[in-house]
Amino acid sequence: MAVAGSRVLELGCGTGGNLPPMAATLPGSQFTGTDMSERQIEMARELAEGGRLRNIEFLAGDALPLLADTADGSFDYIILHGLYSWVPLQVQSALLPLCGGLLSEAGIAYVSYNT
């Protein structure tokens, strides 16, 4: 799958350490980050604004309701960097089905798991 022109979602993006560098180097791609922490999302937005990145958005809150109206197959890549390790079992059980529904047909989910 081509990286240029892709649609990328990061669940649990924190202060935006991953997505802004990607958005800066791939201006034809679209990036979305979600996190429960409004403060961390504010910091991520400030980072994106400082870099004048127009191809990125950050959403504060629970990803399940935030993305409930998002069409199936909306993302080519989904990143869960460490998130799966830090959430309760109930949330873990919802994350992979959420990713499956949001990924494009040839989409890839990157799930890192800390033990």
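Only the coordinates and a few stated rules stand behind these numbers; no lab work does. Just so it is clear, the structure is predicted and the values come from calculations on it, not from any experiment. Neighbour counts run over all protein chains shown; Cβ positions are idealised from the backbone, glycine included.
At-a-glance table
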{"read-out": "The chain - mean residue ellipticity at 222 nm from DSSP helices (-39,500 (n - 2.57) per run, n ≥ 4, rounded to 500)", "value": "-10000 deg cm²/dmol"}
{"read-out": "Mean Cα-pair separation over length for the range 23-85, i.e. relative contact order, pairs under 8 Å, 6 or more apart, %", "value": "35"}
{"read-out": "Cα gyration tensor shape of the range 1-46, rounded if a/c is under 1.5, else prolate or oblate by comparing a/b with b/c", "value": "prolate"}
{"read-out": "For HIS81, net neighbour charge (Lys/Arg +1, Asp/Glu -1) across residues whose Cβ lies under 13 Å away", "value": "-2"}
{"read-out": "Radius 13 Å from Cβ of GLY101, net charge of other residues (Lys, Arg +1; Asp, Glu -1)", "value": "-3"}
{"read-out": "Amide H within-cut-off set for ARG7, under 5 Å, with H built and near neighbours excluded", "value": "GLN30, ASP76, TYR77"}
{"read-out": "For PHE31, net neighbour charge (Lys/Arg +1, Asp/Glu -1) across residues whose Cβ lies under 13 Å away", "value": "0"}
{"read-out": "The range 33-41 - phi-based ³J(HN,Hα) in whole Hz, Karplus 6.51/-1.76/1.60, Gly and Pro as x", "value": "x, 10, 7, 6, 7, 4, 5, 5, 5"}
{"read-out": "³J(HN,Hα), Karplus 6.51/-1.76/1.60, whole Hz, each residue of the range 66-78, x for Gly, Pro", "value": "4, 9, 4, 8, 6, 5, 4, x, 6, 10, 8, 9, 10"}
{"read-out": "GNM result for the chain, Cα springs below 10 Å: residue of ALA68, ALA44, ALA23 fluctuating most strongly", "value": "ALA68"}
{"read-out": "Magnitude of the charge dipole, the chain, Cβ model with Lys/Arg +1 and Asp/Glu -1, debye to 20", "value": "240"}
{"read-out": "Two-decimal Rg/Rh across the range 43-110, once Rg and the Kirkwood Rh are taken from alpha-carbon atoms", "value": "0.99"}
